[in-house]
1. Which of the residues that make up the range B:220-251 are over 26 Å from A:F186 (Cα atoms), in contact (Cβ under 8 Å) with a residue 60 or more places away in the chain and part of a helix (DSSP H, G or I)?
2. Which of the residues belonging to the range A:252-267 are part of a helix (DSSP H, G or I) and at the interface with chain B (Cβ under 7 Å from one of its Cβ atoms)?
3. Do we find a residue being in contact with a Phe, Trp or Tyr (Cβ under 8 Å, 6 or more places away or on another chain) and surrounded by 23 or more Cβ atoms within 10 Å (Cβ to Cβ) anywhere in the range B:112-120?
4. Looking at the structure I just gave you, is A:G236 within 11 Å of another protein chain (Cβ to nearest Cβ) and under 30 Å from B:T177 (Cβ atoms)?
5. Mind checking which residues of the range A:248-262 are surrounded by fewer than 16 Cβ atoms within 10 Å (Cβ to Cβ) and either acidic (D, E) or touching a helix residue (DSSP H, G or I) at 6+ places or on another chain (Cβ under 8 Å) (or both)?
6. Among the listed residues A:L76, A:L112, A:L82, which satisfies the condition of being among the aliphatic types (A, V, I, L, M), at pLDDT 95 or above, farther than 20 Å from A:M160 by Cβ and assigned by TED's automatic domain parsing to the domain that holds A:R130?
7. Looking at (1) at pLDDT below 95; (2) within 7 Å of another protein chain (Cβ to nearest Cβ), find the lone condition where A:E270 falls short.
8. Tell me yes or no: at least one residue of the range B:205-216 is more than 8 Å from every other protein chain (Cβ to nearest Cβ), over 30 Å from B:E40 (Cβ atoms) and of a type in the set (A, V, I, L, M, F, W, C).
Number of protein chains: 2
Amino acid sequence: MRLEDIAITVVGLGVVGGSFAEGLKKAGAGKVYGIDNNLETLKKAKKSGIVDEAFENGKIPLPKTDLVIISLYPELLETFILENNEYFKENSIITDVTGIKGKVLREVKPKLRKDIDFILGHPMAGREKRGIDYADSGVFKNANYILIKADNKEKNINLMKEIIEKLGFKNINFLDTEEHDEIIAFTSQLTHAIAVSLINSDDNKYDTNKFIGDSYRDLTRIAKINEDLWAELFLGNKDNLLFMIEKFEKRLDVLKEAVKSEDIETLKKEFRESSRRREQIT
Amino acid sequence: MRLEDIAITVVGLGVVGGSFAEGLKKAGAGKVYGIDNNLETLKKAKKSGIVDEAFENGKIPLPKTDLVIISLYPELLETFILENNEYFKENSIITDVTGIKGKVLREVKPKLRKDIDFILGHPMAGREKRGIDYADSGVFKNANYILIKADNKEKNINLMKEIIEKLGFKNINFLDTEEHDEIIAFTSQLTHAIAVSLINSDDNKYDTNKFIGDSYRDLTRIAKINEDLWAELFLGNKDNLLFMIEKFEKRLDVLKEAVKSEDIETLKKEFRESSRRREQIT
């Protein structure tokens, strides 16, 4: 299978799904269909040309679709699969974009028809904005993509890799679900917990906006957060997230104790270490 | 006094001082002199044209300088003033750029010759990079500037305001030193403590770089930190910083407890509040 010969359906034309649709059209996918339950979104998707056809449900497009990209919240992913099991094309591929994986593998995958190849995926590119109006496949450029190691067909994995590369992603890395949920608790869920707590800890004694620089802007950017999605992600990865929050707090306490005891050498040591680590990040 | 009629000396041609020099030349300052103890830096400053003349010390330029902008670490600020008290032009103006103010007002200002008008200032624009090679007055565009309320001459304050505006800053706000050090402990020093602790809490079980998105990149950008400068800033604002760290930790504990007890309503409430607050930040 080559990208130009296949039909792809993107389910959920929000900022992430919309970016997939747009990027797939640009990359030359044979057909790109879109499914969304919002009529306004469907109209916009058709009008902007990021899909060839737009549908309210899967009945018409799914039977002729080779690859289904489901860009829905974790809970809705399960509902969509249950409602559309009869429509999926024989031996077709499904992939998702959710930020937690153990739960999807354990609770959602068993509900899918057995001939369908479910490749669990996580594109590490997002936006703090919501909705199709902010869809832009440019966010994928040089971003990381995680695929979950499972019993998928090799030819299907190869197709996924081709598509991911054509969308502009830089790295594709394979993890099992436990590894994924552990590292993502650190790089994604902990960072959101920190940003939210930082901005909420402001007691508003001052008009903070007048006294900030880029550091505060950067550290709070992701505090604008989709509450339904992130509440699901936090609770769906509970133990890992609690572990990471506690690890972070312990390290912050090292700085706190150093400030308290005016231990300048420990401060400098922490700063040198953080600088060294940050230089390695691309 | 108008900008085009006066001579300005920038002391310390690092990334901040260099940006001042460059911006002042662009804004049409009569003369811009530079002082730095690094000969390579002086050569670069002359060659790139961001100063009219460059000096290793203050002996020659200071007697003909109307405004001295001292862009040095807090400790070096004091040393520079002690060493150059005899050279400052009569009734000239001095301003600084340091990130803590109570200490400067209490410990440094009293050492300055009495005819000199010391206006304490804090441009809230910086770079994680160091050195004259990264000097770029573009970072001042739309940034915040704090001036400290003190017994300065009105005409001198007006000149400072004119210069700050011409450099591209958006807001000039007046605070006393206690207010400044309190709000800056929150918006600047706490954010750096968080970024450093986040990246240092990584146990490197994974090749983290492969599993990050923009959220981790944003939250760790300022973890690349000048250890001498920031150790001074942390310890020079000790009590305020400890207070802010503890306030932040308490709010993070709200999220932690909500995750632990699977209290989805509290999570969503925190997320809605953080989103509302972030929307107000420009």
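The values are calculated or read from the model by the stated rules, or taken from the named source; none is laboratory data. Not measured: the values here are computed from a predicted model. Reconstructed Cβ throughout: ideal geometry from the backbone, glycine too, with neighbour counts over all protein chains shown.
1. B:D228, B:L229, B:E232, B:L233, B:G236
2. Step one: list which residues in the range A:252-267 are part of a helix (DSSP H, G or I), which gives A:252-260, A:264-267.
Scanning the range A:252-267 gives A:L252, A:L255, A:K256, A:V259, A:K260, A:I264, A:L267.
3. no
4. Judged against the criteria, A:G236 is not a match.
5. Of everything in the range A:248-262, those that are surrounded by fewer than 16 Cβ atoms within 10 Å (Cβ to Cβ) and either acidic (D, E) or touching a helix residue (DSSP H, G or I) at 6+ places or on another chain (Cβ under 8 Å) (or both) turn out to be A:D253, A:E257, A:K260, A:E262.
6. A:L82
7. (1)
8. The answer is no, given that none of the residues of the range B:205-216 is more than 8 Å from every other protein chain (Cβ to nearest Cβ), over 30 Å from B:E40 (Cβ atoms) and of a type in the set (A, V, I, L, M, F, W, C).
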